[in-house]
Amino acid sequence: MPESTLCSTETALPQFRDVTSPYDGRVVGTVSLTGASAGKAVIETARIGARKAKALSRNARGKILDAAATEIEQRTEEFAQTIVSEAGKTIRQARKEVLRAVNTLRLSAAEARRNAGEVIPFDSYEGSEDRTGWYSREPLGIIAAITPFNDPLNLVAHKIGPALAGGNAVILKPSALTPLSAQLLTDVLVNCGLPPEALTVVHGGREVAETIVRSRDVRMVSFTGGFSTGESIARTAGLKKLSMDLGGNAPVIVLDDADIESAVDSCVSGAFWAAGQNCVGVQRILVAAPVYGEFRRRFLEATARLVSGDPSDEQTDVGPMVSATALKALQIKLDGALGAGAELLTGNVSDGNVLQPTVLEAVPEDSSLWREEVFGPVVMLRKFNTFEEAIDVANAIEFSLHAGIFTDSLARAMAAAQQLEAGGVMINDSSDYRFDGMPFGGAKYGSMGREGVHFAYEEMTQPKVICIKN
């Protein structure tokens, strides 16, 4: 995951910040910055918002979320163009993100109406036969949401939607690189009837973010981003709920009985979608030795057909990385791996912030390129000889969101599903498959909580027991 701007060292903030295109550097928008001294006022507004949000009936919350989803769907092209301009995602990919956000909000509306709690069978316990009751799901209060640049609309919807469905107020801090989509979404929700105090967007540096994260009034911090920022948030937050999606390094295993054509198509898409800036994107492809040569050849042929360049062009498959800084950081990892003996098969050529799809093999397993999250259009191939070897290599990284496996053997697919240490295992699909209703999160180091509307809703609410003695 990309690092959040929580780690910014800004001390003297200007009043406004320009938002620039990662493709051509032009200014595409401006946001008003929240000064460090405004943190307490933001919290006070959120307190008011929490009372107003809790007072909304479940029906009212559902109506607001449904209405927002409908309006965004009607304005798909406007939202998609905003994503293209600020994030550099290709126009076809941006339209898909808008439709995913629409679905996320509709799932949230349904959750608001149906997930109210359950009856508790008190009379099943001896001595409680004269009692009846239930538990309801109640809002936590104020939730701080900190979001990254790579899905600037849908990842915001994944935090705001379930939080509002549960009757919470939200303080949203979107990525400084991509704040415009978040602001558009906020405007739509308020126009659809959400009390303005229930959703506050802040744009600023480290000081205002720390004030919000540290506040005792904030009952949960939901963060998607990099490990170092996640650790900083955990140290700052104190005693409150934390939900963190801190990125991944996804392995995909291709067994010798796999449908090679399907595996290639899925892995090419999974590796280079959104210029590889995807926390579940395919990073390490482990291929059985008997089919390695065929897979390698077909994968390189399919990669060569991808069109890189202007993200607003309907024909473009791979747009720019989000910034020159991100590209430089990736280039350092690439240079280190190549210097240590990795073999470049294609790519590693950049034009501005556009890095051509890059494929390597023989990458040393102690290199940062292999061990850390790439978050760019780079994928690595590796041959294996036994199923057990593939599982061991796949699991050798200390953090993991998704993994994938291609095979015609149900027995081996299920064995892999049991043994792979990941938050999700995609069978005969690449690691980057995600449905917005499923539980989403990682395994091993740093993973805390789950996203996916139903599961986030439950993280963002708490049970309250009501018991009546007859």
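The values are calculated or read from the model by the stated rules, or taken from the named source; none is laboratory data. These numbers were taken from a predicted model, which means no experiment stands behind them. All Cβ positions, glycine included, derive from the backbone under ideal geometry; neighbour counts span all protein chains shown. With ligands, DNA and RNA removed, areas are computed over all heavy atoms of the protein, side chains included. Shrake-Rupley method; radii C 1.70, N 1.55, O 1.52, S 1.80 Å.
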When every residue in region 7-23 that is open to solvent by 90 Å² or more (accessible area, probe 1.4 Å) and over 24 Å from Ser85 (Cα atoms) is compared, the one modelled with the highest pLDDT is Thr11
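Looking at region 97-111, which of the residues that are within 15 Å of the chain's Cα centre (by Cα) and of a type outside the set (A, V, I, L, M) is most open to solvent (accessible area, probe 1.4 Å)? First the steps, then the outcome.
Taking region 97-111 as the starting set, the residues that turn out to be within 15 Å of the chain's Cα centre (by Cα) are 97-98, 100-101, 104.
Now drop any that are not of a type outside the set (A, V, I, L, M), which leaves 97, 100, 104.
Values: Glu97: 7, Arg100: 77, Thr104: 0 Å².
Applying the filter and picking the extreme gives Arg100.
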Kindly indicate whether Val287 is in contact (Cβ under 8 Å) with a residue 24 or more places away in the chain, touching a Phe, Trp or Tyr at 6+ places or on another chain (Cβ under 6 Å) and either surrounded by 24 or more Cβ atoms within 10 Å (Cβ to Cβ) or assigned to a helix (DSSP H, G or I) (or both).
yes
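Let's see how each residue does on (1) within 13 Å of Ala394 (Cα to Cα); (2) open to solvent by 10 Å² or more (accessible area, probe 1.4 Å):
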{"site": "Gly238", "(1), (2)": "no, yes"}
{"site": "Lys241", "(1), (2)": "no, yes"}
{"site": "Asp256", "(1), (2)": "no, yes"}
{"site": "Phe272", "(1), (2)": "no, no"}
{"site": "Val282", "(1), (2)": "yes, no"}
The correct count of residues that are open to solvent by 20 Å² or more (accessible area, probe 1.4 Å) and under 30 Å from Gly376 (Cβ atoms) in region 113-172 is 1
The number of residues in region 316-346 that are within 26 Å of the chain's Cα centre (by Cα), surrounded by 14 or more Cβ atoms within 10 Å (Cβ to Cβ) and not acidic (Asp, Glu) is 15
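Scanning for something open to solvent by 60 Å² or more (accessible area, probe 1.4 Å), closer than 21 Å to Arg297 by Cα and part of a strand (DSSP E or B), does region 361-369 turn up at least one residue?
Initial filter on region 361-369 (open to solvent by 60 Å² or more (accessible area, probe 1.4 Å)): 362, 365-366.
Still in the list and also closer than 21 Å to Arg297 by Cα: 362.
Pick out the ones that are also part of a strand (DSSP E or B) and you get none.
Checked region 361-369: no residue is open to solvent by 60 Å² or more (accessible area, probe 1.4 Å), closer than 21 Å to Arg297 by Cα and part of a strand (DSSP E or B).
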When Met448 is run through (1) touching a strand residue (DSSP E or B) at 6+ places or on another chain (Cβ under 6 Å); (2) farther than 21 Å from Ser266 by Cβ; (3) buried (at least 22 other Cβ atoms within 10 Å of the Cβ), the failure sits at (3)
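Yes or no, residue by residue, for (1) open to solvent by 10 Å² or more (accessible area, probe 1.4 Å); (2) within 28 Å of Thr82 (Cα to Cα):
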site	(1), (2)
Pro174	no, yes
Gly204	no, yes
Ala234	yes, no
Ala250	no, no
Cys267	no, yes
Conditions (1) over 22 Å from the mean Cα position of the chain (by Cα); (2) at pLDDT 95 or above; (3) open to solvent by 10 Å² or more (accessible area, probe 1.4 Å) -> Leu184 fails only (1)
Query raised in the report: Is it the case that region 244-262 has a residue that's in a helix (DSSP H, G or I) and of a type outside the set (S, T, N, Q)?
Result: yes
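Inside region 417-431, can you point out the residues that are in contact with a His (Cβ under 7 Å, 6 or more places away or on another chain) and either surrounded by fewer than 22 Cβ atoms within 10 Å (Cβ to Cβ) or assigned to a loop (DSSP other than H, G, I, E, B) (or both)?
Taking region 417-431 and keeping what is in contact with a His (Cβ under 7 Å, 6 or more places away or on another chain), we get 422-424, 426, 431.
Of everything in region 417-431, those that are in contact with a His (Cβ under 7 Å, 6 or more places away or on another chain) and either surrounded by fewer than 22 Cβ atoms within 10 Å (Cβ to Cβ) or assigned to a loop (DSSP other than H, G, I, E, B) (or both) turn out to be Ala422, Gly423, Ser431.
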Exercise. Looking at Thr200, is it open to solvent by less than 30 Å² (accessible area, probe 1.4 Å), of a type in the set (S, T, N, Q), in contact with a strand residue (DSSP E or B) (Cβ under 6 Å, 6 or more places away or on another chain) and in contact (Cβ under 8 Å) with a residue 12 or more places away in the chain?
Worked result: yes
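For region 435-468, enumerate the residues that are part of a strand (DSSP E or B), at pLDDT 95 or above and not polar (S, T, N, Q).
Filtering region 435-468 down to residues part of a strand (DSSP E or B) leaves 440, 443-444, 448, 451, 461-468.
Checking which are at pLDDT 95 or above leaves us with 461-468.
If the condition is that a residue be part of a strand (DSSP E or B), at pLDDT 95 or above and not polar (S, T, N, Q), then Pro463, Lys464, Val465, Ile466, Cys467, Ile468 are the ones that fit.
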